[in-house]
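Let me begin by presenting the structure, written as structure tokens, before commenting on it.
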Amino acid sequence: MPAPQRKHRRGGFSHRCFPTPQTAMTPQPAGPPDGGWGWVVAAAAFAINGLSYGLLRSLGLAFPDLAEHFDRSAQDTAWISALALAVQQAASPVGSALSTRWGARPVVMVGGVLASLGFVFSAFALSLLHLYLGLGLLAGSGWALVFAPALGTLSRYFSRRRVLAVGLALTGNGVFSLLLAPALQLLLDTFGWRGALLLLGAITLHLTPCGALLLPLALPGDPPAPPRSPLATLGLGLFTRRAFSIFALGTALVGGGYFVPYVHLAPHALDRGLGGYGAALVVAVAAMGDAGARLVCGCLADQGWVPLPRLLAVFGALTGLGLWVVGLVPVVGGEESWGGPLLAAAVAYGLSAGSYAPLVFGVLPGLVGIGGVVQATGLVMMLMSLGGLLGPPLSGFLRDETGDFTASFLVSGSLILSGSFIYIGLPRALPSCGPASPPATPPPERGELLPAPQAVLLSPGGPGSTLDTTC
């Protein structure tokens, strides 16, 4: 009898030497700390977002030099960022799966090294194919390993202030875009595109220390061991949940129109008669409105005055309507005009789109529970990439067929409105027929929007009924 006990202790000791991500920290807290080290994680996620999406958005400044050096067209060089974005978003579930199995910390640190190597490799490119492989495939794969694990880890640290923390992290995109764009232009003018890519590789390597700050956090409700099967590791079982399936379909449709202004807002302003500086101002005010709204919406959404699914549907609809206005508003004046009507429409669009962004990730823990938030974040990124890859090409096709971007923005706004309409099927997206009495502090480890077990057992509608069908 003593021998099996000693064997069991050795087995337990071995398990503690190689802890799973969910059990790596002791003692286990009662719930998300809603602060403390969580703000350090928020700062790390802010930098990770900026060094991935912010850098990707600024990379286009180097494309004219690349096109001239390799004697290729602008369309050929545009595939560099298209491939990087496609790989980054489509492979995000892989980053989430690795994070679920090994923890976010090592996965993000490895992703930072891969992204940095992609820039270093591209600095010695002899053809455009080398840039496709270096920046598109290698750097894109590195970015796929950093964003979803970082944002998922951040969501685990917060409950009451979760949307604010996510909004703070997502502002890294805009802030780093404003900082990196002039810095990259200075590097290109001083060192050429090869030297600029080498220095960008050094800058991107800062993703690795940011990943080191993502300390694992064990929470009640975490599984005792990470999933073993590939399907479970990727989180594909989440699609069997009705609420997440509704959210996934709506998000894929929204993604079809959400990224069109990123690509075609400036050309649309030029088509409307504005000059280069006027078009740049339109893009700038939309970006500033987007960044500011992410923080403000996150702060207000955390007050709990309105359920997050309802805010998601409302601000998604406002974003679609904003794109309609951007597409229809005329510009008064010529190239020397600042285009007041289009500026106002761009500000309205930026405010609504910025308010929508943190809600997409802030609502996830309520839909899938805190234990599945990392996997769900990766799946959401993949779904948005599907729409993002189809939306801009469709917008360009409509521009070629009609001669301007009016139809492009109308179709993009319609896609976002369709996705927002689907969000109405989420729990608590519509006002309840009767008086609602949600708990003051919802159980984040379960998901406050998931049906309570006792309600499912007692509901006359059967096991598929939820608290939202009591009316």
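Checked against (1) modelled with pLDDT under 90; (2) over 24 Å from residue 360 (Cα atoms), residue 94 passes all but condition (2).
Each residue in the stretch 315-360 was checked for being assigned to a helix (DSSP H, G or I) and at pLDDT below 85, and 2 of them qualify.
Does any residue of the stretch 29-41 turn out to be more than 30 Å from residue 160 (Cα to Cα) and at pLDDT below 85? Within the stretch 29-41, none of the residues are more than 30 Å from residue 160 (Cα to Cα) and at pLDDT below 85.
Being acidic (Asp, Glu) and either in the same structural domain as residue 118 (by the TED database) or under 26 Å from residue 396 (Cα atoms) (or both) is a property that holds for residue 290. Inspection of the stretch 161-173 identifies at least one residue that is open to solvent by less than 20 Å² (accessible area, probe 1.4 Å), under 14 Å from residue 40 (Cα atoms), in the same structural domain as residue 198 (by the TED database) and among the β-branched types (Val, Ile, Thr).
A single member of 63, 119 is among the hydrophobic types (A, V, I, L, M, F, W, C) and modelled with pLDDT of 90 or more, and it is 119. Evaluating residue 150 against the criteria (1) touching a residue at least 12 places away in the same chain (Cβ under 8 Å); (2) open to solvent by 10 Å² or more (accessible area, probe 1.4 Å) leaves one unmet condition, (2). Looking across the stretch 204-214 at every residue that is closer than 20 Å to residue 59 by Cβ and in a loop (DSSP other than H, G, I, E, B), the one that is least open to solvent (accessible area, probe 1.4 Å) is identified as 205. One residue alone among 209, 230, 220 is over 16 Å from the mean Cα position of the chain (by Cα), at pLDDT below 85 and more than 30 Å from residue 429 (Cβ to Cβ), and that residue is 230.
If you check 66, 129 for being in contact with a Leu (Cβ under 9 Å, 6 or more places away or on another chain) and over 14 Å from residue 42 (Cα atoms), only one passes: 66.
Which one is surrounded by the fewest Cβ atoms within 10 Å (Cβ to Cβ) among residues in the stretch 71-108 that are of a type outside the set (Gly, Ala, Ser) and in contact with a Pro (Cβ under 6 Å, 6 or more places away or on another chain)? Steps first, answer last, please.
Of the residues in the stretch 71-108, the ones of a type outside the set (Gly, Ala, Ser) are 71-72, 75-77, 79-80, 83, 85, 87-89, 93-94, 98, 100-102, 105-108.
Cutting the leftovers down to in contact with a Pro (Cβ under 6 Å, 6 or more places away or on another chain) gives us 100-101, 107-108.
Values: 100: 27, 101: 14, 107: 27, 108: 31.
Among residues in the stretch 71-108 that are of a type outside the set (Gly, Ala, Ser) and in contact with a Pro (Cβ under 6 Å, 6 or more places away or on another chain), the one surrounded by the fewest Cβ atoms within 10 Å (Cβ to Cβ) is 101.
Go through the stretch 104-149 and give me each residue that's among the β-branched types (Val, Ile, Thr) and either over 17 Å from the mean Cα position of the chain (by Cα) or in a helix (DSSP H, G or I) (or both). Result: 107, 108, 110, 113, 120.
The values are calculated or read from the model by the stated rules, or taken from the named source; none is laboratory data. Quick caveat, the model's predicted, so the values are computed rather than measured. Positions of Cβ are backbone-derived with ideal geometry, glycine not excepted, and every protein chain shown enters the neighbour counts. These area figures cover heavy atoms from the full protein model, side chains too; ligands, DNA and RNA do not enter into them. Shrake-Rupley method; radii C 1.70, N 1.55, O 1.52, S 1.80 Å.
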